[in-house]
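In what follows, a single structure is set out as structure tokens and then discussed.
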Amino acid sequence: MKYALIAGNGRFPLLLARAARGAGHEIVVVAVKEEADPEVEKQAARCHWISLGELSRLIEILKEEGVTQAVMAGQIRHAQIFSSIRPDARLLKLLWSLKEKNTDALIGGVARVLADEGIELLDSTVFLKPMLAPEGRIGARAMDEREQADVAYGHGVARALAAFDIGQSVVVCERACVALEAMEGTDAAIRRAAEHANGRPLTVVKVSKPNQDMRFDVPVIGPGTIATMQAARATALAVDAARTLLLDRQELLAAAAAARIAIAGYAAPAEGGRGAGAGGRGTEAGGRAG
């Protein structure tokens, strides 16, 4: 079967393309010039490069390729969307029609335009289900009582933040919120938190949005997350199970073990439900190191 991969930045598009090829599928890549790694070309049957804002060109390429199903993978940085985008006439019309101008509204609008053209946008984890975070301890070390208390507090703050589509991560120290993620991304929020923590240990809580649309903007952690946490003296990371991708899992877990960083997956609340909070005792159950 032939699929199109609309590729943003990071490792996610590369891993998805490899997994799809490994399953015997033909992958046509449409790579965003401002974001995608040139390495993605090596994973594609054919690769087309477009700039942000070229919605008409995207649709033209997909139709020329005879593609009816596409996957978006890789981040498009918020700052790029709102400062670097040069919309073509079709995207400009879409932008004018949106009541909200946040990233979800924009990409959701693009998905509707694609659907109108007979192109279905699939769950971006469709070929990567084994890479989703399990519930429970992930890796070598379980969280201690201090870290679990910070996670319990951080979940409430992070879920409230995510509900407004501002960011999905918070950094906590001694049950106080030190930094909130906004457009700058999780790593930048962690680094900013370190500037205010005076060397005290930090806990990072990363959640999915209410009604998270898994077709785009899936929460992701990888070895780079661990490196940033280690530099910031962050000792624990909580993520939403089944909604967070673990990129380069073995390298991620090895780095976490070496840095003595605890990672745990918590069950995301049902739609309209409460956060995992103190009830999410996932740091012990179901744990595995690999």
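The values are calculated or read from the model by the stated rules, or taken from the named source; none is laboratory data. Since the model is a prediction, treat every value here as computed from it, not as a measurement. Every residue, glycine among them, receives a Cβ derived from its backbone with ideal geometry; neighbour counts consider all protein chains shown.
Quick one: in the stretch 8-59, of everything that is part of a strand (DSSP E or B) and among the aliphatic types (A, V, I, L, M), which residue is farthest from VAL110 (Cα to Cα)? Break it down into steps so the answer makes sense when it comes.
Kept after step one, since they are part of a strand (DSSP E or B), are these residues of the stretch 8-59: 9, 26-32, 46-50.
Going one step further and asking which of them are among the aliphatic types (A, V, I, L, M), we end up with 27-32, 50.
Working: ILE27: 20, VAL28: 19, VAL29: 17, VAL30: 15, ALA31: 16, VAL32: 15, ILE50: 15 Å.
Within the stretch 8-59, the match that is farthest from VAL110 (Cα to Cα) is ILE27.
Of these, GLY222, GLY199, GLY185, which one is touching a residue at least 60 places away in the same chain (Cβ under 8 Å), assigned by TED's automatic domain parsing to the domain that holds ALA152 and farther than 21 Å from ARG159 by Cβ?
GLY222
Can you confirm whether THR235 is surrounded by 24 or more Cβ atoms within 10 Å (Cβ to Cβ), of a type in the set (S, T, N, Q) and either out of contact with any Cys (no Cβ under 9 Å at 6 or more places or on another chain) or part of a strand (DSSP E or B) (or both)?
Answer is no for this residue.
Please name all residue pairs, on different chains or six or more residues apart, with Cβ atoms under 8 Å, provided the first residue is in the stretch 84-108 and is assigned by TED's automatic domain parsing to the domain that holds GLU54 and modelled with pLDDT of 85 or more and the second residue is of a type in the set (S, T, N, Q) and surrounded by fewer than 16 Cβ atoms within 10 Å (Cβ to Cβ).
ASP88/SER56; ALA89/SER56; ARG90/SER56; LEU91/SER56
Quickly run through the stretch 154-166 and pick out the residues that are touching a residue at least 40 places away in the same chain (Cβ under 8 Å) and of a type outside the set (Asp, Glu).
GLY154, HIS155, GLY156, VAL157, ALA158, ARG159, ALA162, ALA163
Determine whether the stretch 1-13 contains at least one residue that is aromatic (Phe, Trp, Tyr) and without any contact (Cβ under 8 Å) to a residue 40 or more places away in the chain.
The answer is no, given that none of the residues of the stretch 1-13 is aromatic (Phe, Trp, Tyr) and without any contact (Cβ under 8 Å) to a residue 40 or more places away in the chain.
Just checking, which of GLU35, GLU39 is buried (at least 18 other Cβ atoms within 10 Å of the Cβ) and under 30 Å from ASP187 (Cα atoms)?
GLU35
For the stretch 158-180, enumerate the residues that are in contact with a helix residue (DSSP H, G or I) (Cβ under 6 Å, 6 or more places away or on another chain) and under 15 Å from GLN212 (Cβ atoms).
ASP165, GLY167, GLN168, SER169
Of the residues that make up the stretch 160-175, is at least one in contact with a Pro (Cβ under 8 Å, 6 or more places away or on another chain) and surrounded by fewer than 16 Cβ atoms within 10 Å (Cβ to Cβ)?
Yes, the stretch 160-175 contains at least one residue that is in contact with a Pro (Cβ under 8 Å, 6 or more places away or on another chain) and surrounded by fewer than 16 Cβ atoms within 10 Å (Cβ to Cβ).
Quick check on the stretch 57-72: of everything there that is in contact (Cβ under 8 Å) with a residue 60 or more places away in the chain and under 22 Å from GLU35 (Cβ atoms), which residue is farthest from the chain's Cα centre (by Cα)?
Across the stretch 57-72, the extreme among qualifying residues is GLU65.
Conditions (1) surrounded by fewer than 16 Cβ atoms within 10 Å (Cβ to Cβ); (2) within 18 Å of the chain's Cα centre (by Cα); (3) not in a helix (DSSP H, G or I), marked per residue:
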{"site": "LYS99", "(1), (2), (3)": "yes, no, yes"}
{"site": "ASP104", "(1), (2), (3)": "yes, yes, no"}
{"site": "ILE107", "(1), (2), (3)": "no, yes, no"}
{"site": "VAL113", "(1), (2), (3)": "no, no, no"}
{"site": "SER124", "(1), (2), (3)": "no, yes, yes"}
{"site": "PHE127", "(1), (2), (3)": "no, yes, yes"}
{"site": "PRO130", "(1), (2), (3)": "yes, yes, no"}
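Out of (1) crowded, with 23+ Cβ neighbours inside 10 Å; (2) within 14 Å of MET143 (Cβ to Cβ); (3) modelled with pLDDT of 80 or more; (4) touching a Lys or Arg at 6+ places or on another chain (Cβ under 9 Å), the odd one out for PRO201 is which?
(1)
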